[in-house]
Each structure stands twice: as structure tokens, then as C-alpha cells.
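In what follows, a single structure is set out as C-alpha cells and then discussed.
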Amino acid sequence: MGPVSKDAGTELEIYQLLSKTFILLDDSDNRFFADYGLSTRQYWALQHLDEVNGRSMVDLSRLLITDKSNVTGIVDRLQHLKLVKRVPSVQDRRVTLITLTAEGSRLREKIDTQHSLRIRELMSVLDISKQKMLLEYLRSVSQSIEKELHQVDTGQSE
């Protein structure tokens, strides 16, 4: 952590606006995916799976940025809905892989089409040049946060 910036008010306002935007997007996503009988995390789990190559629960937990016990619940619910299946790994019998079912693949495709339209509508308040600028700025902030979290996780400090 560096010294307090002269622009601390601006920095705080940016942080608060990013936090508020996240909460609004999360609530909006929850409502959108609920129309398909899914939670946001269940949808993102489907995004990381396919019908052929399975993913382990550990891999899925990393991709969803959550712990294994939460992923177990997500996969249980998706399996109950017949959207995914558990298959034993050929390479390691201790590992269970999660794959999409044909039904899961169809639902994901259907949702993706509508989700893309929804995102386009949400982003339409910005022209393409502003979208590209925003993307660049958000990448910088995201990469900085990821770097900081990685340093904390690995016990490194600057």
C-alpha cells in the first residue's frame, strides 16, 4: 500500500462505483438466469464444461473462484437438472470429471444467444470507442487486483 493520494476522493468514488456496478450486474444476472432455472454460478459452470472433455471439481472451483464444497453443490444441482454428468477419469481413478450432457449443451446455447443480446443492450449506452477505453481501464484494474491477490496467496510482497 502506497501513501494516500491527493485524488483519494476520486479513487474512492471509482471503487464505490465499480462495487455498485458489480452488485447491479450480479442482481441482473441472477434474475436473467433464474428465467432458465439456473443460478449465475450454475450458468458459469456450464460455460466451462463441454460434452467430451471433462473438468475436475478442483479445476471448476478455480475457474468459478469458489471452494470445492460450493462447486459440489453447484454440480449436484446441475446433475439433478440433467445438464451435467459425473464420469470417472481414465487417467486417475481418484478423480471424477464433470461433462455437459446434450441437454446441458442445448440449454447453454439457448442462454448464450439471449445473454449476448442482453449484454449488447446493457453496453449500448457507450459507443464502441468508449467501450474499448473502458475495457482497457478495467483490464488494468483487474490485472492489478489479480497480481495483488496472487502475491498474498503465495506469501510474496513487493
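The values are calculated or read from the model by the stated rules, or taken from the named source; none is laboratory data. Just so we're clear, the structure is a prediction, and the values are computed from it rather than from any experiment. Here Cβ is always computed from backbone atoms with ideal geometry, including for glycine, and neighbour counts include all displayed protein chains.
Annotations for the structure displayed:
- Cβ pairs under 7 Å, 6+ apart, first in the stretch 129-158 and under 23 Å from Arg62 (Cα atoms), second loosely packed, with under 10 Cβ neighbours inside 10 Å and of a type in the set (Ser, Thr, Tyr): Gln151/Ser157
- Which numbered condition Ala102 fails, given (1) loosely packed, with under 10 Cβ neighbours inside 10 Å; (2) among the aliphatic types (A, V, I, L, M); (3) closer than 30 Å to Val84 by Cα: (1)
- The single residue among Leu12, Leu46 that is aliphatic (A, V, I, L, M), surrounded by 10 or more Cβ atoms within 10 Å (Cβ to Cβ) and either under 13 Å from the mean Cα position of the chain (by Cα) or at positive phi (or both) turns out to be Leu46.
- Within the stretch 123-149, the set of residues being within 20 Å of Ser19 (Cβ to Cβ), in a helix (DSSP H, G or I) and hydrophobic (A, V, I, L, M, F, W, C) comprises Met123, Leu134, Leu135, Leu138, Val141, Ile145, Leu149.
So that you can scan it fast, the table gives a plain yes or no per residue for (1) farther than 20 Å from Phe32 by Cα; (2) modelled with pLDDT of 90 or more; (3) more than 18 Å from the chain's Cα centre (by Cα):
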| site | (1), (2), (3) |
| --- | --- |
| Glu51 | yes, no, yes |
| Gly73 | yes, yes, no |
| Leu78 | no, yes, no |
| Leu97 | yes, yes, yes |
| Leu100 | yes, yes, no |
| Gly104 | no, yes, no |
| Leu107 | no, yes, no |
| Thr113 | no, yes, no |
| Ile128 | yes, yes, yes |
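- Exactly one residue among Leu64, Leu83, Leu46 is in contact with an Asp or Glu (Cβ under 7 Å, 6 or more places away or on another chain) and assigned by TED's automatic domain parsing to the domain that holds Gln114, and that residue is Leu83.
- Where a residue in the stretch 49-64 is closer than 11 Å to Thr96 by Cα and its partner, wherever it lies, is of a type in the set (D, E, K, R), with Cβ under 8 Å and at least six apart: Met57/Lys68; Val58/Lys68
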